[in-house]
Amino acid sequence: GGVEEEDVSRYQVTLRRLPAGTAPEWTGEAIGSPSFYPLKTLGVLVSGKMIQVFDKNNQRLWGANLTYPVASHYSLDFATESDPPCVESGNALYVFDRGMLTKFDAMTGEVQWRLTSVGISQVQLDEKKNLYVTSTTASPDSIQFSQQIDFSAHAAPVILKVDAATGKVLWRNEGLGDTCYVSGKYVYISRATENPLTGMGDEPILYFDLYRLSPSDGHAIWDYSQSRLPVQVEVQRNQILIHFR
């Protein structure tokens, strides 16, 4: 009996560069609520199941349809430069929706490969241009029947290392962490959890675990644990900042 909203309205979108005069305005239509993501040399307009790609002069280069809509947490209100659903690298543009990661040729829009994975939240590249994909083990059925509760399906976080040239999964680390940090040759993952069922008092049990992974096979080299949650985590190669309250 649940209700899920889907926006398939027609929007008129105007792209305007500031300061004014540096590029002409572009005006066009989009189906679904639009969001714009400025990248290094490109700009990506996402709306529903479609993307439109522009250069820095507001010239539309190409458009393409996605398999699923972009995840709702990448809406206009919450989008940031650090976690857009698209990543530009050289002549490649990687775009992920709710159930798939697609590699496009950045200039032509030609699809070079697709990788099915439900729940992708971040895509990063290392210094060798390999991809690290933060995702889950959920099945495509969880998208089609998002209001249906399946107690037998327990989606776990998963980190995938993917060959950027072919889309082949080189290794997967399942269930250990749900946040990935890539800096130079170093790869870390972390997971912060809160268990309200303590059995003693009203204070929940807090867990924070940080792991360093081997880039070659994804196994954990070491781990660091705390019974408190961090406010901020940053890495710069072999230096790690964990800020607790």
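The values are calculated or read from the model by the stated rules, or taken from the named source; none is laboratory data. Everything numeric here is computed off the predicted structure, so don't read it as measured data. Methodologically, a virtual Cβ is constructed for each residue, glycine included, from the backbone with ideal geometry; neighbour enumeration extends over all protein chains shown. Calculation scope for accessible area: heavy atoms of the full protein, side chains included, ligands and nucleic acids excluded. Shrake-Rupley method; radii C 1.70, N 1.55, O 1.52, S 1.80 Å.
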Pull up segment 108-120, narrow it to residues that are in a loop (DSSP other than H, G, I, E, B) and either farther than 25 Å from K56 by Cβ or at pLDDT below 95 (or both), then point me to the one that is most open to solvent (accessible area, probe 1.4 Å).
G119
Looking only at segment 47-66, count how many residues are open to solvent by 80 Å² or more (accessible area, probe 1.4 Å) and part of a strand (DSSP E or B).
2
When you scan segment 129-175, how many residues do you find that are modelled with pLDDT of 95 or more, aromatic (F, W, Y) and either over 18 Å from A220 (Cα atoms) or surrounded by fewer than 16 Cβ atoms within 10 Å (Cβ to Cβ) (or both)?
1
Filtering segment 199-232 down to residues that are under 22 Å from the mean Cα position of the chain (by Cα), assigned to a strand (DSSP E or B) and surrounded by 14 or more Cβ atoms within 10 Å (Cβ to Cβ) yields F208, D209, L210, Y211, R212, L213, P230
Pairs, please: C-beta under 9 Å, at least 6 apart or cross-chain, first residue farther than 11 Å from L160 by Cα and of a type in the set (A, V, I, L, M, F, W, C) and in segment 172-184, second part of a strand (DSSP E or B) and open to solvent by less than 20 Å² (accessible area, probe 1.4 Å)?
L176/P157; L176/V158; L176/I159; L176/I189; L176/L213; V182/Y132; V182/Y188
Test Q112 against the criterion of being under 15 Å from D163 (Cβ atoms), out of contact with any Asp or Glu (no Cβ under 7 Å at 6 or more places or on another chain) and among the polar types (S, T, N, Q), and give yes or no.
no
Answer with yes or no whether R191 is assigned to a strand (DSSP E or B) and either within 24 Å of I120 (Cβ to Cβ) or not acidic (D, E) (or both).
yes
Hits in segment 16-46 - residues which are farther than 23 Å from S89 by Cβ, open to solvent by less than 60 Å² (accessible area, probe 1.4 Å) and in a strand (DSSP E or B):
W26, G28, A30, P34
Cβ contacts < 8 Å: first residue small (G, A, S) and in a loop (DSSP other than H, G, I, E, B), restricted to segment 121-141; second residue open to solvent by less than 30 Å² (accessible area, probe 1.4 Å) and at pLDDT 90 or above, any location; separation 6+ or different chain. Result?
S121/T134; S121/S135; A138/V118; S139/V118
